[in-house]
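Engineer: First the structure, then my questions, so here it is.
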Amino acid sequence: MDELEAIKVTFFQECEELLADLEGGLLAMQDGNDDGDTVNAVFRAVHSIKGGAGAFGLEPLVRFAHVFETLLDALRSNEIPGTPDLTALLLRASDVLADHVSAARGLGVVDMDVSAAMAAELKIATDPNAAPAAAAPVAEAPQYVDAAPIVIGADDGMDDDDLGFDFQPMTITLDAQAADAAVLDGDVWTVSIRPKSDLYRKANETALLLRELSRLGPIQATLDDSALPALEFIDPEAAYVTWSVRVETEQGEEAIREVFEFVDGDCDLEITRGEAPVADVLASLLDIAAPAPAPEAAPVAVEIPAEAPPVSAVGPAAEAAPLAAPMPVSAPAPAAPPVAANAPAPAAAKPAQIDVPGPGQSVIRVDPERIDRLIDLVGELVINQAMLAQRVGEYGIAPSSNLAMGLDELEQLTREIQDSVMAIRAQPVKSVFQRMPRLVREVANMTGKQARLVMDGENTEVDKTVIERLSDPITHMLRNAIDHGLESPEERKAAGKNPEGVVRLAALHRSGRIVIEVQDDGKGINRERVHSIAVKKGLISPDLTLTDEEIDNLIFLPGFSTADKISDVSGRGVGMDVVKRSVQALGGRISITSRPGLGSTFTLSLPLTLAVLDGMVVDVAGETLVIPLACIVESLRPKAEEIRPLGPVGSVLAVRDSFVPLIDVGLTLNYRDRSPPPTEGVVLLVEGEDGSRAALVADAIHGQRQVVIKSLEQNYQQVEGVAAATILGDGRVALILDVDAVINLRRRGPPPPSDPTLIAAE
Amino acid sequence: MTRTVLTVDDSRTMRDMLRMALAGAGFNVVEAVDGEHGLEVLSAHRPDVIITDINMPKLDGFGFIEAVRVDDDYRAIPILVLTTESDPSKKQRAREAGATGWIVKPFNPEKLVEAIRRVAA
């Protein structure tokens, strides 16, 4: 049952999507952004989950989904009004449904009390008059689950009124075998079938019904075409004939009725036990035949072998006709059989799975390891290509030569391959974002806040490896925003705000990085309190004067927590410092801006991929370093008059209207003890994640290069001021500079008293 | 000759289940994700039997069946409707739209193939 297991995997994948659709739809309803189809989409999501769960016998999930679906069905058919309260209930129900799905998958367990309580709530919402007690049995045992895979229409019974026709059921048995003494009378049935034109309109077919009957036992079918008008009066769409079939079967009347399940109501059917007396039939036949234009039409007997004929692909009408009679009595041949049409498929016709947007989008499943291997190889290719370029440069080959131009093209192609390969692994951040609405609801419930999550940029794509590590920081930032950022509804009302706070989660691309913003419209950071706590905890010295921004960023210090008492939500021993460190480990930055009374914004930025980087290759004290291009604002050669000393050792560079600190990279990384005069080197003006600028002094610039990032932590250990390493074209290892760390290192060096972080961070 | 069955269902799980059951019984299977798509696939593959879900986006099962039945080229194709419930009103609506028969989910492969046999020549 490997195949079934594979489908089960698909089912759970689909459940994830359906749950996301469900939540998205419900949130749209909550915001009043729903169109008429939203409620249908929401219904379909639950319906599909139930359907699939039923196929796999996931009973608790089916049961809960059924109750949920029933309520949604009532809502979409306007039996109950949609209210904000109802939507809130549906959202909570969707959370429970998600728990059921996880449990069915073997990930976690469902709190059955919660589930039962929710099912009862849903039941009451569906039918307010139903007593709560009545809800329980339904939740426990929905009839649907026990239904047989195929419902048998036997209990439906025939509508007797349909038989009140001016027609007498009849059987003509011309075959002597019918009277075979070996057949017990009780096993012989006479089935009279008078199809209506509707039967054919629905593409049912008398011949197939006879074939099905023949599976029950030997049959003899007799055609009464006496009602058939003359050819010129025939309506090809009408039904004129009546069949009388003698069936020998031990399977009883139910089995016979089952054959006619699909044509119930579309034909007059009479099933009688035993043989119909020939005399009676003849008599009634004469009665009916009298007004018929073809009185001489004799009943035509057709015998059908007991075993079903081999199934053929001939159109239904075509097969029916020879069975019946030479005349076109049987099927009104509603259309040419499909196979007969030999016209080529219209040009517009598309293959089934291509070009279909939405759920049917053609998808290839690939083992991620293969992609990782491909990415590794492309990385090697990039290095190799860089090496070639370098060699060619060393040989002094003119850039206009064919070889150099060919190499340029190779470089472009390599880059395109790399982009394409990276795009394979790129995924929208949606998969992470879609888990957040629930988190917000839960945190809001736990903290007594009212919060609404607004999400933006869910389709922003980023490398899969990055996505996997986004979840924790985002979770923490959201928790923090609700728990510490938003005020209680009362406080908000008192401040003249909407009692419901808004938390905005956005993703966007900015200069080769992905930026995640978490913004709340709460009270903002209480700077006085943050400052006093930092002082009290000995994180900063009391006499420091800090800018607002510096105070805000104190919350990232290890051991800092502003909550007076540790709350359920944020107080899990994980402070913002841990978040910051984990983000930094990914080559990311996190910062905060805050406006008192208006709220705070956390900004998290990460490289789009953890595999490649555009960098500037520079030379510092004989070492080759790579500075990430994203940090570099400009490069320049400083003039002596632009450099001003500051303090005992430091100096600043005048860049247009401002001064930026000059940092000698070689000195900071301990490559040398004394920095040469900056005028002899090159200055790279860089911008840190928090917007602070610095002028990095290097000895020379080699050029701009795309480099493949090799983790230093994995291969060696973390080194301060160094983000990672790479392999250059000549095979040498070069270190990739961590610009922010270098800026901070320099600040930490000989401590200029105006800098808070250097003390704070220690 | 291999017969072609068109399955129309917005649930990938259901389509996969149908494909497994039908391919196992020797049918050629083509798929569509909703009624609109079903009509496109119909013209490209000319199936011998259609199996369709009812609740689907864009064009639901009822609309799809009606559209098939008014098209002279396709109206003789038997259509089986998939329903999760034996809800008589839904079944009745599907029949009025022109459904040939129905299959109640969850189905087992034998029942599915049997239902096809009952409607397909």
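The values are calculated or read from the model by the stated rules, or taken from the named source; none is laboratory data. These numbers come from a predicted model, not from an experiment. All Cβ positions, glycine included, derive from the backbone under ideal geometry; neighbour counts span all protein chains shown. The accessibility values were calculated without ligands, DNA or RNA, using every heavy atom of the protein model including side chains. Shrake-Rupley method; radii C 1.70, N 1.55, O 1.52, S 1.80 Å.
Engineer: Going through A:Gly599, A:Gly622 one at a time, which residue ends up being open to solvent by 30 Å² or more (accessible area, probe 1.4 Å) and modelled with pLDDT of 80 or more?
Structural biologist: After applying the criteria, what remains is A:Gly622.
Engineer: Within the range B:96-119, how many residues turn out to be more than 7 Å from chain A (Cβ to nearest Cβ) and more than 30 Å from A:Leu58 (Cβ to Cβ)?
Structural biologist: Qualifying residue count for the region: 2.
Engineer: For the range A:472-530, give me each residue that is modelled with pLDDT of 90 or more and of a type in the set (Ser, Thr, Tyr).
Structural biologist: none
Engineer: I'm trying to understand the selection: among the residues of the range A:625-645, which are open to solvent by 30 Å² or more (accessible area, probe 1.4 Å) and either part of a helix (DSSP H, G or I) or within 30 Å of A:Glu528 (Cβ to Cβ) (or both)?
Structural biologist: A:Leu629, A:Ala630, A:Ala640, A:Glu641, A:Glu642
Engineer: Name the residue that is farthest from A:Phe262 (Cα to Cα), counting only residues in the range B:55-95 that are touching a residue at least 40 places away in the same chain (Cβ under 8 Å) and more than 9 Å from chain A (Cβ to nearest Cβ).
Structural biologist: B:Phe64
Each row is one residue, and each column tells you yes or no for (1) under 21 Å from the mean Cα position of the chain (by Cα); (2) under 30 Å from A:Met422 (Cα atoms).
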position	(1), (2)
A:Glu458	yes, yes
A:His476	no, yes
A:Leu486	no, no
A:Ala494	no, no
A:Lys497	no, no
A:Glu500	no, no
A:Leu505	yes, yes
A:Leu508	yes, yes
A:Glu528	no, no
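Engineer: Would you pick out the residues in the range A:656-673 that are open to solvent by less than 50 Å² (accessible area, probe 1.4 Å) and without any contact (Cβ under 8 Å) to a residue 60 or more places away in the chain?
Structural biologist: A:Val660, A:Leu662, A:Asp664, A:Gly666, A:Arg672
Engineer: Looking at A:Glu270, A:Glu307 in this structure, which one is open to solvent by 20 Å² or more (accessible area, probe 1.4 Å), at pLDDT 80 or above and acidic (Asp, Glu)?
Structural biologist: Of A:Glu270, A:Glu307, the one residue that is open to solvent by 20 Å² or more (accessible area, probe 1.4 Å), at pLDDT 80 or above and acidic (Asp, Glu) is A:Glu270.
Engineer: So in the range A:192-242, with the set limited to residues that are open to solvent by less than 10 Å² (accessible area, probe 1.4 Å), in contact with a Lys or Arg (Cβ under 7 Å, 6 or more places away or on another chain) and more than 13 Å from chain B (Cβ to nearest Cβ), which one is nearest to A:Glu270 (Cα to Cα)?
Structural biologist: Out of the qualifying residues, it is A:Thr242.
Yes/no per residue for (1) buried (at least 20 other Cβ atoms within 10 Å of the Cβ); (2) among the hydroxyl-bearing types (Ser, Thr, Tyr):
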site	(1), (2)
B:Gly61	yes, no
B:Pro78	yes, no
B:Thr83	yes, yes
B:Ser89	no, yes
B:Arg93	no, no
B:Trp102	yes, no
B:Phe107	yes, no
B:Leu112	yes, no
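Engineer: Tell me, which residue of the range A:442-462 that is touching a Pro at 6+ places or on another chain (Cβ under 9 Å) and among the charged types (D, E, K, R) is least open to solvent (accessible area, probe 1.4 Å)?
Structural biologist: Only one residue fits best here, namely A:Lys449.
Engineer: So, restricting to helices (runs of 4 or more DSSP H) that lie completely within the range A:364-460, which ones have at least 3 residues that are in contact with a strand residue (DSSP E or B) (Cβ under 8 Å, 6 or more places away or on another chain) and either closer than 30 Å to A:Arg492 by Cα or of a type in the set (Val, Ile, Thr) (or both)?
Structural biologist: Here the list reads A:436-447.
Engineer: Tell me yes or no: at least one residue of the range B:38-49 is open to solvent by 10 Å² or more (accessible area, probe 1.4 Å), farther than 18 Å from A:His47 by Cα and among the basic types (Lys, Arg).
Structural biologist: Yes, the range B:38-49 contains a residue that is open to solvent by 10 Å² or more (accessible area, probe 1.4 Å), farther than 18 Å from A:His47 by Cα and among the basic types (Lys, Arg).
Engineer: Among the listed residues A:Thr83, A:Thr38, which satisfies the condition of being among the polar types (S, T, N, Q), within 21 Å of the chain's Cα centre (by Cα) and surrounded by fewer than 20 Cβ atoms within 10 Å (Cβ to Cβ)?
Structural biologist: The match here is A:Thr38.
Engineer: In addition: Just the residues that are more than 9 Å from chain A (Cβ to nearest Cβ) and either open to solvent by 30 Å² or more (accessible area, probe 1.4 Å) or of a type outside the set (S, T, N, Q) (or both), please, taken from the range B:1-18.
Structural biologist: Across the range B:1-18, the qualifying residues are B:Val5, B:Val8, B:Leu18.
Engineer: Let me ask something else. If A:Gly571 satisfies all but one of (1) at pLDDT below 75; (2) out of contact with any helix residue (DSSP H, G or I) (no Cβ under 9 Å at 6 or more places or on another chain), what's the number of the condition it fails?
Structural biologist: Exception for A:Gly571: condition (2).
Engineer: Right, next: Would a scan of the range B:95-116 turn up a residue that is in a helix (DSSP H, G or I), more than 21 Å from B:Met17 (Cβ to Cβ) and not small (Gly, Ala, Ser)?
Structural biologist: yes
Engineer: Of all residues being at the interface with chain B (Cβ under 7 Å from one of its Cβ atoms) and open to solvent by less than 20 Å² (accessible area, probe 1.4 Å) in the range A:44-60, which is nearest to A:Val114 (Cα to Cα)? Just the residue, please.
Structural biologist: Ranking the candidates gives A:Lys50 first.
One line per residue, one yes/no per condition, for (1) under 23 Å from B:Ile79 (Cα atoms); (2) assigned by TED's automatic domain parsing to the domain that holds A:Ile271; (3) modelled with pLDDT of 80 or more; (4) outside any helix (DSSP H, G or I):
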residue: A:Tyr200; (1), (2), (3), (4): yes, yes, yes, no
residue: A:Asn204; (1), (2), (3), (4): yes, yes, yes, yes
residue: A:Leu210; (1), (2), (3), (4): yes, yes, yes, no
residue: A:Arg215; (1), (2), (3), (4): yes, yes, yes, no
residue: A:Thr222; (1), (2), (3), (4): no, yes, yes, yes
residue: A:Tyr240; (1), (2), (3), (4): no, yes, yes, yes
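Engineer: Okay, moving on. Please work out if A:Gly588 is open to solvent by less than 60 Å² (accessible area, probe 1.4 Å) and over 34 Å from the mean Cα position of the chain (by Cα).
Structural biologist: no
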